[in-house]
Amino acid sequence: MKIAVIGAGAMGSLYGALLAEAGEDVCLVDIWEDHVSSVNRRGLIVSSDDGDRAVPLRAVTGAAGLGPVDLILVFVKSYSTGEAARTALGLLGENTMVLTLQNGIGNVEQLGAILGPERVLAGTSAFGGTMLGPGHIRHAGSGPTMLGEISGQSTPRLEELAGVFLRAGLQPSVSDNIEGVLWTKLIVNVGINALTALTRIKNGQLLEIPELESVMDMAVAEAVAVAVKKNIKLVSHPLDHVKGIARATGGNISSMRQDVEKGRATEIDVINGAVDREGTSLGIPTPVNRVLAMLIKGLSTSIKEDSW
């Protein structure tokens with residue numbers, strides 16, 4: 001299968017490497033020139049508990065002349081989804097699939113509006129990756145890759161994709177409720193990301209500080225109320241699920257905390273901000289998520305100002 005990975009950060013690079021090692025024809029597409037140059041020069045260096053290995057990969061800063069491809073795998077930050085979709089236009093063939101494994105909600109709709117909703121599949125990843133430097137990532141953990149058609153149907157292309165991911169060791173699981181899967185992951189991020197970014201603590205510490213655990217409870221409750229109003233089927237006990245993830249990733253530094261500390265833009269608008277927007281449109285109060293979103297935006301702005 002010919003695959004283009006748009007957004008070759010830690011996760012995009014990791015998926016690209018594993019797919020390439022399984023024999024797929026993979027090209028990474030990313031605007032970070034040093035990363036692209038390093039991958040082309042020496043391969044992608046993947047570090048893990050088993051040591052380091054170099055994975056031969058092609059990487060480019062633009063998609064001109066690359067298409068058409070069979071699969072476009074979208075791993076950019078959510079605020080770059082529109083730009084990624086426009087890049088992907090030049091990669092489309094008659095049967096090209098577009099799979100988003102991004103955080104938050106709204107990415108499916110953005111991709112579908114530009115590339116055609118019939119092309120788009122969605123999913124979530126429980127893999128862990130860390131960018132160590134240009135052309136160098138750490139494979140920090142593995143877990144299921146959930147895949148699904150937006151319609152919930154089982155289709156030949158979905159089964160084909162699951163087979164490709166299985167051969168690559170990406171632990172695919174096909175869901176007939178991918179919207180529920182996306183919202184379940186969203187609610188995990190709602191409960192963990194902003195709070196850890198604001199307090200500069202690790203995920204598991206949220207459960208050791210009663211005041212922060214209470215804020216988590218309230219933020220999650222608002223998100224669940226919105227999902228219920230939208231008739232979205234979640235895991236049976238969403239709050240227990242969020243706290244279980246916080247414990248299981250207790251030593252992790254959340255991606256939003258990393259973004260804030262490095263002065264990068266965050267995905268708050270598609271996480272807590274999205275819950276607030278959806279709640280407002282449905283008449284459901286979401287004050288905790290609104291405040292968390294405003295605090296992250298304020299913190300991000302203050303950090304940028306301090307760096308001038």
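Report the residue count in segment 31-43 for those that are free of Cβ contacts under 8 Å to residues at least 60 places away in the same chain and either out of contact with any Ser or Thr (no Cβ under 7 Å at 6 or more places or on another chain) or surrounded by 24 or more Cβ atoms within 10 Å (Cβ to Cβ) (or both). So that I can check it myself, show each step before the final result.
Going through segment 31-43, the residues free of Cβ contacts under 8 Å to residues at least 60 places away in the same chain turn out to be 31, 33, 36, 40.
Pick out the ones that are also either out of contact with any Ser or Thr (no Cβ under 7 Å at 6 or more places or on another chain) or surrounded by 24 or more Cβ atoms within 10 Å (Cβ to Cβ) (or both) and you get 40.
So the answer is 1.
Residues being polar (S, T, N, Q) and either closer than 16 Å to Gly191 by Cβ or surrounded by 15 or more Cβ atoms within 10 Å (Cβ to Cβ) (or both): count how many of those fall in segment 285-302.
So the first thing to find is which residues in segment 285-302 are polar (S, T, N, Q), and the list is 286, 289, 300-302.
Subsequent filtering for residues that are either closer than 16 Å to Gly191 by Cβ or surrounded by 15 or more Cβ atoms within 10 Å (Cβ to Cβ) (or both) retains 286, 289, 300.
Here the count works out to 3.
Only one of Ala227, Ala168 is within 27 Å of Pro285 (Cβ to Cβ), crowded, with 16+ Cβ neighbours inside 10 Å and in contact with a helix residue (DSSP H, G or I) (Cβ under 6 Å, 6 or more places away or on another chain). Can you tell me which?
Numbers: Ala168 fails: within 27 Å of Pro285 (Cβ to Cβ).
Of Ala227, Ala168, the one residue that is within 27 Å of Pro285 (Cβ to Cβ), crowded, with 16+ Cβ neighbours inside 10 Å and in contact with a helix residue (DSSP H, G or I) (Cβ under 6 Å, 6 or more places away or on another chain) is Ala227.
I'd like to check which helices (runs of 4 or more DSSP H) are fully inside segment 212-286 and have at least 1 residues that are modelled with pLDDT under 95. Steps first, answer last, please.
On the way: elements: 238-248, 255-261, 272-282.
Fully inside segment 212-286 and qualifying: 238-248, 255-261.
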Fill in the blank from the handout: Of the residues in segment 127-163, those that are touching a helix residue (DSSP H, G or I) at 6+ places or on another chain (Cβ under 9 Å) and closer than 27 Å to Thr249 by Cβ number 18
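Yes or no, residue by residue, for (1) at pLDDT below 95; (2) farther than 18 Å from Phe127 by Cβ; (3) more than 21 Å from the chain's Cα centre (by Cα):
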position: Leu18; (1), (2), (3): no, no, no
position: Glu21; (1), (2), (3): no, no, yes
position: Leu28; (1), (2), (3): no, no, no
position: His35; (1), (2), (3): no, yes, no
position: Ser48; (1), (2), (3): yes, no, no
position: Ala54; (1), (2), (3): no, yes, yes
Practice task
Please indicate, with yes or no, whether at least one residue in segment 210-223 is within 23 Å of Ser302 (Cβ to Cβ) and surrounded by fewer than 18 Cβ atoms within 10 Å (Cβ to Cβ).
Solution key: yes
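The values are calculated or read from the model by the stated rules, or taken from the named source; none is laboratory data. Given the structure is predicted, the values throughout are model-derived calculations rather than measurements. Neighbour counts are summed over all protein chains in view; Cβ atoms, including those assigned to glycine, are modelled from backbone coordinates with ideal geometry.
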